[in-house]
Every structure is written in C-alpha cells, then in structure tokens.
Amino acid sequence: MSSTYRIAVGGILTECNHLGGIPIDMQTYKASELFRGEELFQLSTSVVGGMLATLNQEGAIPIPLLYASACAGGPITSNCYQELRGELLERLQAALPVDGVLMPIHGSALAEGVHDPEGDMIHAVRDLVGPHVPIIATLDLHAHVTQEMVEFADALLAWETYPHCDQFNTGQRATTLLLKMLAGKCQPTMAMGKVPVLTSAIHGSTNDLDPFAELMRFAKSLESQDDVLSTSLFLIHPYMDVPDMGSGGLVITNNNMEKAIDLAGEIATRYWDRRNELEPEIFSPAEAIRQGLAIEGGPVILVETADCCGGGAAGDSIATLSALVDSDVDQLSLVPLVDPEAAAQCHKAGTGATVSLPLGHKLDPRWGQTREFTGKVEQLSSDGQFVYTGGQWEGHEESMGQTALLSIGTIRVLIMSRATYDWSDEQFQALGIEAANAKFVVAKNPMNYRLAYGKLAKKMIVLDTPGPTPATLRHVQFKEMKRPYFPADVEVAGLKPTILQRGGL
C-alpha cells in the first residue's frame, strides 16, 4: 500500500440522552478527552489508537484533526457542538487535499437543535472532500444509524462487542478497508436494515447465549460469503427521542448492492423475531432486596440501570439507597451516587464526622425527591482519581472530583462530584472498597455489572426505578419517535424492515 496516502482522522464520540442527564459542554470534554492536531498521536488505545497503529504500520500518513469524547449525558450544547464541529472542519479544510477520512464517532450523539450530529458531520466532511474521497466512520453498536450517515459515508463499521472491548480492533478494521479502497481492491456498497425495536441493553451482551449475542454471531457469519466485506449489528441507544429509531443490521458488500440489501433485511427480520427475548424481567427495589435477603451470602447485585451515567443519566438517584435504608438491611451494602454538593459538605465536615445532609436528585430532579440522611464520613478523596482498566478509555486516568465515603448504618455510599463511566468497579476500588465483602451492591449500568461482579455475584436482579435510562421502554412517552414500535406495540401487522441505502430508501 502506498506511503503517499494522506488520511485525515477526527470526530466527536459521545452518546447522548433526551430523557434526562446533564447537558454536555466544552468543560465536559476538557475534563475527559479533547485532543487537537498532533495531540491525537498520544492516543494508543481505543478506536483512534487502532486507526493510527494501522496507518503507521501500512506506511500511510495520518493527518490528525480533532478528537473529543466524554461520558454520556444530555444533548451537547449548541455552542459546544458548533465549536467542535467548526474546528474539525477548519482543520480538515487546512489539510486538503487528503486521500481519505477516518471518523471515530458514536452514532447516538445529540446536540441542541440537531437530531443527528454524526450525519451532519459526515455530510459536512463530504462537502469538503468531494464525492470521490473515501470516508469511513466507526460507530458504537448502540448507534442510531440514519439515512444521512449512509448517504454520505462510504462505509460504517460498528464495534462488535458488548461490554465494549474491541474499539482498537474496529479502528484497525476501518483503516484496512479504507486502504483497500484506495488501492482499488474493493468498492463498498452499503445497506442498513432497521426494525422498530427499542430495548435496553440488559440482554444486549455479545457473549454467551444472550439473544443479541446469537444475532451478532449470525450477522458476522455472513462475512464468509462472497462479496461481503463487513457486517454490523445495532441495538440502538433507546434514550433519544428522534424520528425513525430502530435496531437491525448493516451490510457492506463489494459492489453488490442487491446482496447488501437482501442480507441487511434478513438480519433485521431476525432481530424483530427475537424482540421479546430482549425485554428484561424487572423488580421493585423492595422486592429485589427481599429476594436478596433470602439468599445466603453475597454479593447480590441490584441493577439500577435507570440511573446509568454511561447512558446519559446524572447518577444522582437514591431510589435503591432509600429502599435499602427502609428495609433495615444490617449487612454491608455499597451504593454509588453523584452529588457534588453532598461531597463538598462531607469534605467540610472532615473524616470521622457525623453529618446530616440531603442526598440525591439535585442534578436531574425530574426523577425523585431529595432525602435527608444521617451518616458518618469514613473516607475522603480530593480528586477521586482512578484509571480505566479496559473499554473505550482503557488506560485513561479519570477523576470523580471531590469524593466521600459515607456510612449510613451498614450502607456505604460512594458520593462523587462527577459522573464517570462504569467499566468495571474502578470507582469503588479507588477508595479500597471490595465488593466481595458486601451483601448488596448497587450497579448503575445495564451490562458492565456482569464484567465487574459476574464471578462474585450470588444473584443479579434488574430493578424497576424511575430514571432516564430505564430497563424497559414500555412506558416512555416519546414525542418525535412515532408508534408503532416494540415494546409499546408487541405486534405490528405486515411489518417489513426499512432499508437505508445511498440514494434514499
């Protein structure tokens, strides 16, 4: 492959939520990942690391633009999005001509006034580079794939694992495909098949016998067929409220659009057929605690997925904390909570102090009432620093901000000032807290609790609590997303997959 290929690399990788959470601004990115120009060369892991490693290995010249990523939240503020988008395009304009563009993006971002930032960015890049320069974007497998994305990209490749651990490999795959295009070895044709299935990620693992895992294995098996360059499977991030949301499969063939359409439709049809298996069984916190107390030993994982920071929630729910207190649990229990005001009060009081303070529902008060608790300040950390042990931010140092460990009887509440992504249990480990010693552990995510506690847990129970990242979408009242869709509608007469392809539906 020619060393003369100049490949631009840049994008904004963020998942957003319309149902709740805190808006994402420039400060959010500055506190997480914001790399400009040659600063991108610092990235050796995740999707950008995979792109750069392959470009360097093949002798191509990477042209770094801008890369921004952060933990999920509410929509990106308009000013922030326009600033980042503008800088990305300005850097690309200054770098022209380029031979190709690699865009590490998410696929389920939102910005104030913009329902499809990724489609908007791809479209803008296409306008700059022209119709013949290849553009390949990588997506989270929870992306909302839109017509604009399909129309203006040459190829879209999704991560293949959940819990996510193949971002580096996906960056490599995207780069390899781009270089093959430039060498004249393939001509990608792409189709996306979608069905209106909106489910949480509780049964969205790509491991074991989860229904999504079996669908993923089928989708990837199609890559063994002639002319099939890549397949992707999408379980949409369902906490947006935009038109035409859905899950399904994307197929890229070598100049064989008919086959891409047929296979994408087949994946989507199979997805619809498995829809009921993707809905979880859920319990109230009180009922889950009763079940847990009947089990000898622990830990019992109480999965409060409705307050998932990694899905855009604020992390400030006390629904399960209140249930634990009201149940008079007398065994060690661990609860995470984002409450910067309470963390500051604990720091002011000092280690060993007994404090009475209001907790919860201050950042996003739509989902519950603040409640006063009395407890003892056990530990304090000025910055709550930890290092991610895997996933998108593997090796990246993160900060929970001012952090406190508050004991309310036998309950230990990890009070953080900043929302961070739950990969494993790095946040608890940062304060030396061992989940193996607990009776109950509250996990505020829909999947990675298996990664953190799967080998320890005596039982894992999914909770039905208020919040912007609920375990089921059955009762969510969307405005932009129109019915019919599952699970609000269990059956849809005459349903056929919607096919997206370049040139329209």
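The values are calculated or read from the model by the stated rules, or taken from the named source; none is laboratory data. None of the values given here were measured: they were computed from a predicted structure. Glycine also receives a Cβ, built like all others from the backbone with ideal geometry; neighbour counts cover every protein chain displayed.
SER327 satisfies every condition listed in (1) in the same structural domain as GLU434 (by TED's automatic domain parsing); (2) crowded, with 19+ Cβ neighbours inside 10 Å except (2).
Condition test on THR410, is it under 21 Å from VAL441 (Cα atoms), buried (at least 20 other Cβ atoms within 10 Å of the Cβ), of a type outside the set (A, V, I, L, M, F, W, C) and touching a residue at least 40 places away in the same chain (Cβ under 8 Å)? Considered against the rule, which asks whether it is under 21 Å from VAL441 (Cα atoms), buried (at least 20 other Cβ atoms within 10 Å of the Cβ), of a type outside the set (A, V, I, L, M, F, W, C) and touching a residue at least 40 places away in the same chain (Cβ under 8 Å), THR410 comes out as no. Checking the structure you have, find out if any residue of segment 123-140 is modelled with pLDDT of 95 or more, under 21 Å from HIS237 (Cβ atoms) and part of a loop (DSSP other than H, G, I, E, B). Yes, the conditions are met somewhere in segment 123-140.
When residues in segment 230-266 are screened for being among the hydrophobic types (A, V, I, L, M, F, W, C) and either modelled with pLDDT under 95 or at positive phi (or both), 0 of them pass.
Per-residue answers, yes or no, for (1) assigned by TED's automatic domain parsing to the domain that holds GLY20; (2) within 14 Å of HIS144 (Cβ to Cβ); (3) surrounded by fewer than 24 Cβ atoms within 10 Å (Cβ to Cβ):
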| residue | (1), (2), (3) |
| --- | --- |
| THR206 | no, no, no |
| MET216 | no, no, no |
| SER221 | no, no, yes |
| ASP227 | no, no, yes |
| PRO238 | no, yes, no |
| ASP244 | no, yes, yes |
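Does GLY454 satisfy the condition of being surrounded by fewer than 16 Cβ atoms within 10 Å (Cβ to Cβ), at negative phi and outside the structural domain of GLU258 (by TED's automatic domain parsing)? Here the answer is yes, as GLY454 does meet what is asked.
Applying a threshold of 6 Å to beta carbon distances and a minimum spacing of six or more residues, or different chains, the list of pairs starting in segment 462-477 at a residue that is among the basic types (Lys, Arg) and ending at one that is surrounded by fewer than 20 Cβ atoms within 10 Å (Cβ to Cβ) reads ARG474/PRO487. Just one residue in the set SER108, SER78 is small (Gly, Ala, Ser), touching an Asp or Glu at 6+ places or on another chain (Cβ under 7 Å) and buried (at least 18 other Cβ atoms within 10 Å of the Cβ); that residue is SER108. The residue list LEU233, LEU182 contains one member that is over 26 Å from VAL492 (Cα atoms) and either buried (at least 22 other Cβ atoms within 10 Å of the Cβ) or in the same structural domain as GLY119 (by TED's automatic domain parsing) (or both), which is LEU182.
Could you tell me whether any residue of segment 225-243 is touching a His at 6+ places or on another chain (Cβ under 6 Å), over 24 Å from ILE135 (Cα atoms) and not hydrophobic (A, V, I, L, M, F, W, C)? Within segment 225-243 (the criterion being touching a His at 6+ places or on another chain (Cβ under 6 Å), over 24 Å from ILE135 (Cα atoms) and not hydrophobic (A, V, I, L, M, F, W, C)), the answer is yes, since at least one residue qualifies.
Residue-by-condition table, conditions (1) at positive phi; (2) assigned by TED's automatic domain parsing to the domain that holds LEU363; (3) touching a strand residue (DSSP E or B) at 6+ places or on another chain (Cβ under 7 Å):
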| site | (1), (2), (3) |
| --- | --- |
| GLY384 | yes, yes, yes |
| MET400 | no, yes, yes |
| GLY409 | yes, yes, no |
| MET447 | no, yes, no |
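Pairs are defined by a Cβ separation below 6 Å, a sequence spacing of at least 6 or placement on different chains, a first member in segment 270-296 that is modelled with pLDDT under 95, and a second member that is assigned to a helix (DSSP H, G or I) and surrounded by fewer than 14 Cβ atoms within 10 Å (Cβ to Cβ); no pair meets this definition. Scanning segment 136-157 for residues that are of a type in the set (A, V, I, L, M, F, W, C), under 20 Å from ALA72 (Cα atoms) and in contact with a helix residue (DSSP H, G or I) (Cβ under 7 Å, 6 or more places away or on another chain) yields one hit, ALA137.
Within segment 71-87, can one find any residue that is in a loop (DSSP other than H, G, I, E, B) and at pLDDT below 95? Yes, there is a match, as at least one residue in segment 71-87 is in a loop (DSSP other than H, G, I, E, B) and at pLDDT below 95.
Across segment 34-48, the qualifying residues are those that are buried (at least 21 other Cβ atoms within 10 Å of the Cβ) and under 16 Å from GLU397 (Cβ atoms), and the one among them that is nearest to the chain's Cα centre (by Cα) is SER46. Only one of the listed residues (ALA306, ALA313, ALA344) is at pLDDT 95 or above, in contact with a Pro (Cβ under 6 Å, 6 or more places away or on another chain) and part of a helix (DSSP H, G or I). That residue is ALA306. Residues in segment 422-451 that are surrounded by 24 or more Cβ atoms within 10 Å (Cβ to Cβ) and among the β-branched types (Val, Ile, Thr): VAL441, VAL442. The set of residues in segment 246-261 being farther than 20 Å from GLU160 by Cα and in a loop (DSSP other than H, G, I, E, B) consists of ASN255, ASN256.
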